[in-house]
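Input: a single structure, listed below in structure tokens.
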Amino acid sequence: MSITPVTGVLGAEVRNVRLADLEDADLATFRAALCEHEVVVVRDQFISPSDQSTFSRRLGPSGETPFVVTMPDHPDIIKVVKEADEGAAFNFGGAWHSDFSFQPEPPSFTILAAVDVPPWGGDTVFTSMTAAWNALDAATRERLSTLTAVHTARDAYSRKMQPLHSGMRGMTIVCDDSANDEFRHPMVCRHPETGRTLLFFNRAYVRDVEGLEHDEAQALISFLHHHSTDARFTYRHRWLPGDVVIWDNRSTQHLAVNDYGGFRRELHRTTIAGSRPVPA
């Protein structure tokens, strides 16, 4: 196994490995590289849904998958599909987010396997929330360390969003009132495996900040969004057939770019259960 960084901030490509056949000793090395680099890319895997499910469970138990209907034969896999003729329709994952951060115990890792990718477009962009934290000045760090973010799926999966999701033919998303639930997580967390300090924030699901007036909270959310998604903290992944990309939701955000109208895109996604975020 060889591990080569793809940027100076986050991301690494892992070569000379078959995920479906990974030995236990190599799995420990792989997991350490994933936590260290926050995103890992493994090319030419062409992994089957069964092998993807099996490998996911080796990283940890399957995470809960609310709102999105999974594959009938593989209840832990979301088929992320946009058909070629859907044009500029809603793009699943098309806003900066960390997967299901609105859960009381958000996922640790996400695995996304390429099945059908466009010849160009449809990239996924990742940003390091560790690097974003490290770039803040001392006064801002001190302030953020005292704050608690309010996470909710209401602007993604509440009933008012059903017409948007229903416009997608390749996926079934069922919105309901549970999306209005709120969960509070520290704005600044310590990574449970690396011990690094990081921002646990994303604008898709962080809709308020506990204890702040509305205008102040929204101004802070806007600042953190623009700061944390600055290009200097990012890696943009260009999908190739057979790719498997795995990322650490505890220390990253990501965005699926919607620029591939006229081409079909299908990827298979599994999430691995996590734990309650711990303040730094």
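The values are calculated or read from the model by the stated rules, or taken from the named source; none is laboratory data. Only a predicted model underlies this, so the values are computations on that prediction, with no experimental measurement involved. Using ideal geometry, Cβ is built from the backbone for each residue, glycine included, and neighbour counts are taken over all protein chains shown. Accessible surface areas use protein heavy atoms only, side chains included; no ligands, DNA or RNA. Shrake-Rupley method; radii C 1.70, N 1.55, O 1.52, S 1.80 Å.
Structure notes:
- Among the GluC sites (Glu not before Pro) in region 29-138, those located in a DSSP loop and surrounded by at most 15 other Cβ atoms within 10 Å of their own Cβ are Glu64, Glu83.
- Lys, Arg +1 and Asp, Glu -1 on Cβ, resulting dipole of the chain about Cα centre, debye, nearest 20: 220 debye
- Neighbour net charge for Ala280 - beta-carbon separation under 10 angstrom, K R +1, D E -1: +3
- Prolate/oblate/rounded label for region 134-260 (Cα gyration tensor, a/c 1.5): oblate
- Grouping the Cα pair distances of the chain into 10 Å bins from zero gives a pair-distance distribution of 7, 30, 37, 22, 5, 0 percent in increasing distance order.
- Ranking Phe263, Phe109 from most to least accessible surface, computed with a 1.4 Å probe over the protein chains only, gives Phe263, Phe109.
- Here the relative contact order of the chain, from alpha carbon pairs under 8 Å that lie six or more residues apart, stands at 37 percent.
- Our coupling estimate for region 188-195, obtained by passing each phi through the Karplus curve with A = 6.51, B = -1.76, C = 1.60 and θ = phi - 60°, is 10, 10, 10, 5, x, 10, 9, x Hz, Gly and Pro reported as x.
- Dividing the Cα radius of gyration of region 66-131 by its Kirkwood radius returns 0.96 for Rg/Rh.
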